[in-house]
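Peer 1: First, the structure itself, so that you have it in front of you.
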Amino acid sequence: MTSFTVLSIDHQRVPLELIGRFHGDEQELRASGERLRAAGLVQECMVIATCNRAELVFTAGTAAKDVQGLIAAWRPGLDAATREQATAAARLYTGDAAVHHLLSVASSLESLVIGEREILAQVRDQYERCRSLGLTGDGLRLLMKQLVTTAKRVYTETSIASRPVSVVSLAYRQLRDLGVKKDARFLIIGAGKTCADMCRYLRKHGFRDLHIFNRTFSKANALTQEVGGEAYPLDELCAYTDGFDVLISGIGRGTPIVDKSLFRQLTGGMAKHRVMVDLAIPHDIVPDCFGQEPVRLVRIEDLNAQAEENRSARQQEIGACLRIVEEGVAEFRALAKERRVERAMSAVPEEVRAMRERTVREVFADDLATLDPHARAVFDRVLDHMERKYISIPMKLAKELILEETKRSAEAGRP
């Protein structure tokens, strides 16, 4: 266990811009692994790089202490000030603490938004990248297996991820609950982060008829290249006459954009069930602009109130999640012990076979020469049987000892 180490740099201790300096493509990742190995700092390694954390996960012959050396080999192109800031902020976890940290990360207990299950997919994808580059081995394979098992337990046995806390995911759920169909026509006013994330969410869930208006046309056009749909300059909104089923606005320029006059223009005076989502502060949509028409207006303060309620509910689940993580650490400890026994005994079959051959060839060669074919065949079958038993019994006994030791440890740790 002590050979597992994590060097962690996260959003709680450094700006997100600094974390971005630790991202890299496959070529940079391979080069980092080769430098770390050449310096004798790691045996196996993988990198977890997300928008809010950079983690170097590795095995080594001895416990790592040289944070500055690890960072220098990992990202040698950093300027002195950035390297110094990263070194001061980095946290080093070893042994059980490293395993506990990684299980918590994969279970989204240390994320910017607690309970967002996308982190598990990101960790799995980045492990596969490192594996395909030949940076990982049996140790990290075993750790990754436990990581996935534990994170899935957290997500299925607790409600940590069942209640969304982002405005975008809550807005989408509102649309889903209101029965908005996949062929609905969307007018999106704005191409900033909130509206862009909303468009990505819609695209992910199969909505295609998106019409995006923005003050800077190039930004709207770039967004349509990513999510599909059509882009327009914002000043063309007042001339748009093709109607809509859902209008989402998130500019917040200080004065409302959608008033009674623009609403009548956009709808052509045709009454139908529509949804309008105002994600802006100050608001973009005049609350009564639709008059008596059957329109459902969703405002950001309603979404924020629900997000806060859900965030509080997620916090209440932390204790149950941590218990699962602690069980995962204990399970991995037993799994790692068993694997060490398997590796230590991997030479047993070859040694037994060599001993058998020497015994037959050198010790009892003359006696065996006197046996008739039937007796020799029986003798060989007896040796085959004994060889298999000789190989399997020590392994079985070793595993039973590990299980018994794990059981005693668990009982000793109970209150």
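The values are calculated or read from the model by the stated rules, or taken from the named source; none is laboratory data. Remember, predicted model here, so these are calculated numbers, not experimental data. As a convention, Cβ positions derive from the backbone with ideal geometry for all residues, glycine included, and neighbour counts pool all protein chains shown.
Peer 1: Mind checking whether some residue in region 189-206 is touching a strand residue (DSSP E or B) at 6+ places or on another chain (Cβ under 7 Å) and part of a loop (DSSP other than H, G, I, E, B)?
Peer 2: Yes, because at least one residue in region 189-206 is touching a strand residue (DSSP E or B) at 6+ places or on another chain (Cβ under 7 Å) and part of a loop (DSSP other than H, G, I, E, B).
Peer 1: Okay, moving on. Can you tell me which residues in region 207-225 are part of a helix (DSSP H, G or I), among the hydroxyl-bearing types (Ser, Thr, Tyr) and touching a residue at least 12 places away in the same chain (Cβ under 8 Å)?
Peer 2: Thr224
Peer 1: How many residues are part of a helix (DSSP H, G or I) and closer than 17 Å to Glu327 by Cβ if we restrict to region 141-162?
Peer 2: 15
Peer 1: For region 158-195, which residues satisfy the criterion of being without any contact (Cβ under 8 Å) to a residue 12 or more places away in the chain and of a type in the set (Asp, Glu)?
Peer 2: Asp177, the sole residue that qualifies.
Peer 1: Under the condition of being assigned to a loop (DSSP other than H, G, I, E, B) and among the acidic types (Asp, Glu), which residue from region 107-140 is modelled with the highest pLDDT?
Peer 2: Glu110
Peer 1: Looking only at region 274-310, which residues are exposed (fewer than 14 other Cβ atoms within 10 Å of the Cβ) and either modelled with pLDDT of 95 or more or small (Gly, Ala, Ser) (or both)?
Peer 2: Gly291, Ala305 - these are the residues of region 274-310 that are exposed (fewer than 14 other Cβ atoms within 10 Å of the Cβ) and either modelled with pLDDT of 95 or more or small (Gly, Ala, Ser) (or both).
Peer 1: Same structure, new question: Which residues, taken from region 90-121, are over 21 Å from Ala313 (Cα atoms), surrounded by fewer than 16 Cβ atoms within 10 Å (Cβ to Cβ) and of a type outside the set (Gly, Ala, Ser)?
Peer 2: Selection gives Arg91 alone.
Peer 1: Is one or more of the residues making up region 61-84 at pLDDT 90 or above, polar (S, T, N, Q) and within 19 Å of Val123 (Cα to Cα)?
Peer 2: No, region 61-84 contains no residue that is at pLDDT 90 or above, polar (S, T, N, Q) and within 19 Å of Val123 (Cα to Cα).
Peer 1: Something else about it: Run Ser346 past the list (1) modelled with pLDDT under 80; (2) over 29 Å from Thr94 (Cβ atoms); (3) not in a helix (DSSP H, G or I) and report the number of the one that doesn't hold.
Peer 2: Every condition holds for Ser346 apart from (2).
Peer 1: Exactly one condition in (1) surrounded by 19 or more Cβ atoms within 10 Å (Cβ to Cβ); (2) modelled with pLDDT of 95 or more; (3) touching a helix residue (DSSP H, G or I) at 6+ places or on another chain (Cβ under 6 Å); (4) not hydroxyl-bearing (Ser, Thr, Tyr) is not met by Pro233; state its number.
Peer 2: Pro233 satisfies all of (1) surrounded by 19 or more Cβ atoms within 10 Å (Cβ to Cβ); (2) modelled with pLDDT of 95 or more; (3) touching a helix residue (DSSP H, G or I) at 6+ places or on another chain (Cβ under 6 Å); (4) not hydroxyl-bearing (Ser, Thr, Tyr) except (1).
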